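The values are calculated or read from the model by the stated rules, or taken from the named source; none is laboratory data. Just so you know, these numbers come straight off a predicted model, no measurement behind them. We place every Cβ from the backbone using ideal geometry, glycine too, and count neighbours over all the protein chains shown.
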Amino acid sequence: MVLRRGYLGSLIQRSTIGSSLSKLGTSSLASQAASSLQQLCEPSSCSDGEYADIDWNNLGFGLTPTDYMYTMKCSKDENFKQGQVRRYGNIELSPSAGVLNYGQGLFEGIKAYRRENGRLFLFRPDQNAIRMQIGAERMCMISPSIEQFVHAVKETALANRRWIPPPGKGSLYIRPLLIGSGAILGLAPSPEYTFLIYASPVGNYFKEGTAPLNLYVEDEFHRASRGGAGGVKSITNYAPALKAQSKAQNGGFSDVLYLDAVNKRNIEEASSCNIFMVKDNVVSTPATAGTILEGITRRSIIDIARDLGYQVEERSIPVEELIDAEEVFCTGTAVGVAPVGSITYQGKRVEYEMGTQLVCGKLHSTFAGIQRGTVEDKRGWIVEI
């Protein structure tokens with residue numbers, strides 16, 4: 001049947017770190033970065049006017065190894081100190097490392113963009129640093145400072161800048177990881193932690209490219225439960241989602257939309273992104289309450305929607321409300337702002353309006369414009385590398 005119808009989140013939201021990020025570029029960390037890159041980079045790989053030899057017109061969301069990665073370590077009773085850029089390659093871990101035995105690990109995702117004038121930018125990297133700190137506290141880990149995190153991301157991007165796609169061809173996806181690398185047998189926090197970053201040039205996350213997504217509502221498996229780690233970007237959140245995701249993809253769907261584990265009625269998020277719906281010019285999204293990841297793109301879209309005059313609600317959304325929604329879209333670092341063409345729930349398929357003049361299109365245009373530099377960045381979200 002087809003119906004066609006026209007304590008965690010608040011901490012990130014209150015952060016004002018982004019307004020002072022410009023100062024990071026003049027810090028001692030930045031000068032150390034410049035020195036280390038000058039020694040490490042070969043002219044052929046670090047030339048501003050050179051690109052890596054790949055097909056920029058056919059980038060998907062797969063791993064393309066780049067030239068360099070970033071690493072730093074600390075013991076359990078210490079703080080992280082200055083790390084270093086090194087050649088991309090495998091890392092060595094003890095078989096009893098905390099991350100391998102007990103899943104003590106976090107990751108983030110950030111994109112670096114190239115503009116028409118050749119300048120390179122990041123989008124709100126301080127928020128990724130804050131989210132990693134929140135996750136580290138939940139997982140009993142030691143995390144880098146905000147300054148260390150942003151510095152490391154910048155240094156990784158600069159070392160791999162020939163892999164940053166031409167304007168409009170994609171982005172350099174930067175993956176910071178924090179893992180319990182120390183050897184341990186009994187269940188306890190790791191005695192050592194490693195922070196590392198690698199990067200890969202990417203295009204669209206979904207195989208559909210820019211085409212509307214088709215989501216499947218999963219009512220058997222659940223992504224997270226209250227009191228768990230669903231609200232932080234723990235590595236343990238993702239492997240359990242593979243079963244439901246594979247089931248959906250084998251059925252021809254783009255991704256899974258999960259319901260809450262308590263009532264099995266309220267929508268939460270997809271496997272890799274947050275979800276929004278639009279009805280009567282009101283933009284609604286599930287409230288983050290420990291089971292939903294506080295997405296940085298999600299928070300940015302909420303701010304942009306309010307700037308554009310839309311009423312935004314963060315609340316519990318029963319799955320039945322999707323039937324009457326006029327628009328549905330997803331947000332995330334990997335997916336950006338992606339329209340949803342249909343949602344299937346208990347054998348019923350609901351299709352939604354499409355078009356650049358709809359709310360989703362306007363939000364996407366503004367969001368992408370801020371990243372490209374064609375829309376004024378009034379909030380200090382863009383950080384030049």
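Could you figure out which of (1) farther than 20 Å from L63 by Cβ; (2) modelled with pLDDT of 95 or more; (3) touching a strand residue (DSSP E or B) at 6+ places or on another chain (Cβ under 8 Å) isn't true of H151?
Here H151 clears every test but (3).
Is it the case that V319 is touching a His at 6+ places or on another chain (Cβ under 6 Å) and either among the basic types (K, R) or within 22 Å of L213 (Cβ to Cβ) (or both)? Reasoning before the result, please.
Numbers: touching a His at 6+ places or on another chain (Cβ under 6 Å): no; either among the basic types (K, R) or within 22 Å of L213 (Cβ to Cβ) (or both): yes.
No: the conditions fail for V319.
Tell me, which residue of the stretch 317-368 that is among the polar types (S, T, N, Q) and either over 23 Å from the mean Cα position of the chain (by Cα) or not assigned by TED's automatic domain parsing to the domain that holds V282 (or both) is farthest from G109 (Cα to Cα)?
Only one residue tops the list, namely Q346.
Confirm whether V375 is outside any helix (DSSP H, G or I), within 23 Å of N128 (Cβ to Cβ), in contact with a helix residue (DSSP H, G or I) (Cβ under 9 Å, 6 or more places away or on another chain) and among the hydrophobic types (A, V, I, L, M, F, W, C). Working first, answer last.
On the way: outside any helix (DSSP H, G or I): yes; within 23 Å of N128 (Cβ to Cβ): yes; in contact with a helix residue (DSSP H, G or I) (Cβ under 9 Å, 6 or more places away or on another chain): yes; among the hydrophobic types (A, V, I, L, M, F, W, C): yes.
Judged against the criteria, V375 is a match.
Answer yes or no: is there a residue in the stretch 175-189 that is touching a strand residue (DSSP E or B) at 6+ places or on another chain (Cβ under 7 Å), basic (K, R) and over 30 Å from G251 (Cβ atoms).
no
Would the stretch 52-70 turn up any residue that is assigned to a loop (DSSP other than H, G, I, E, B), modelled with pLDDT under 90, over 25 Å from the mean Cα position of the chain (by Cα) and not small (G, A, S)?
No, there is no match, as no residue in the stretch 52-70 is assigned to a loop (DSSP other than H, G, I, E, B), modelled with pLDDT under 90, over 25 Å from the mean Cα position of the chain (by Cα) and not small (G, A, S).
Check S254, S190, S200 and return the single one that is among the small types (G, A, S), touching a Leu at 6+ places or on another chain (Cβ under 7 Å) and under 30 Å from Y88 (Cα atoms).
Of the residues listed, the single one that is among the small types (G, A, S), touching a Leu at 6+ places or on another chain (Cβ under 7 Å) and under 30 Å from Y88 (Cα atoms) is S200.
Restricting to the stretch 339-352, name every residue that is farther than 20 Å from L259 by Cβ and touching a Pro at 6+ places or on another chain (Cβ under 8 Å). Walk me through it before giving the result.
Of all residues in the stretch 339-352, those farther than 20 Å from L259 by Cβ come to 339, 341, 351.
P339, G341 - these are the residues of the stretch 339-352 that are farther than 20 Å from L259 by Cβ and touching a Pro at 6+ places or on another chain (Cβ under 8 Å).
Starting from residues that are surrounded by fewer than 24 Cβ atoms within 10 Å (Cβ to Cβ) and not hydroxyl-bearing (S, T, Y), keep the ones in the stretch 142-160 and report whichever is nearest to the chain's Cα centre (by Cα).
I146
Name the residue, out of S284, S190, S272, S225, that is polar (S, T, N, Q), under 27 Å from I130 (Cβ atoms) and not assigned by TED's automatic domain parsing to the domain that holds L358. Walk me through how you get there before you give the answer.
Values: S284 fails: not assigned by TED's automatic domain parsing to the domain that holds L358; S272 fails: not assigned by TED's automatic domain parsing to the domain that holds L358; S225 fails: not assigned by TED's automatic domain parsing to the domain that holds L358.
Selected residue: S190, the only one of S284, S190, S272, S225 that is polar (S, T, N, Q), under 27 Å from I130 (Cβ atoms) and not assigned by TED's automatic domain parsing to the domain that holds L358.
All but one of (1) more than 23 Å from the chain's Cα centre (by Cα); (2) surrounded by 13 or more Cβ atoms within 10 Å (Cβ to Cβ) hold for R138; which doesn't?
In the conditions (1) more than 23 Å from the chain's Cα centre (by Cα); (2) surrounded by 13 or more Cβ atoms within 10 Å (Cβ to Cβ), R138 misses (1) alone.
What about L185, is it assigned to a strand (DSSP E or B), out of contact with any helix residue (DSSP H, G or I) (no Cβ under 6 Å at 6 or more places or on another chain) and in the same structural domain as A136 (by TED's automatic domain parsing)?
No.
Run down T288, T331, T366, T297 and say which single residue is in a strand (DSSP E or B), surrounded by 15 or more Cβ atoms within 10 Å (Cβ to Cβ) and polar (S, T, N, Q).
T331
Can you name every residue in the stretch 188-207 that is within 20 Å of L63 (Cβ to Cβ) and assigned to a loop (DSSP other than H, G, I, E, B)?
G203, N204, Y205, F206, K207
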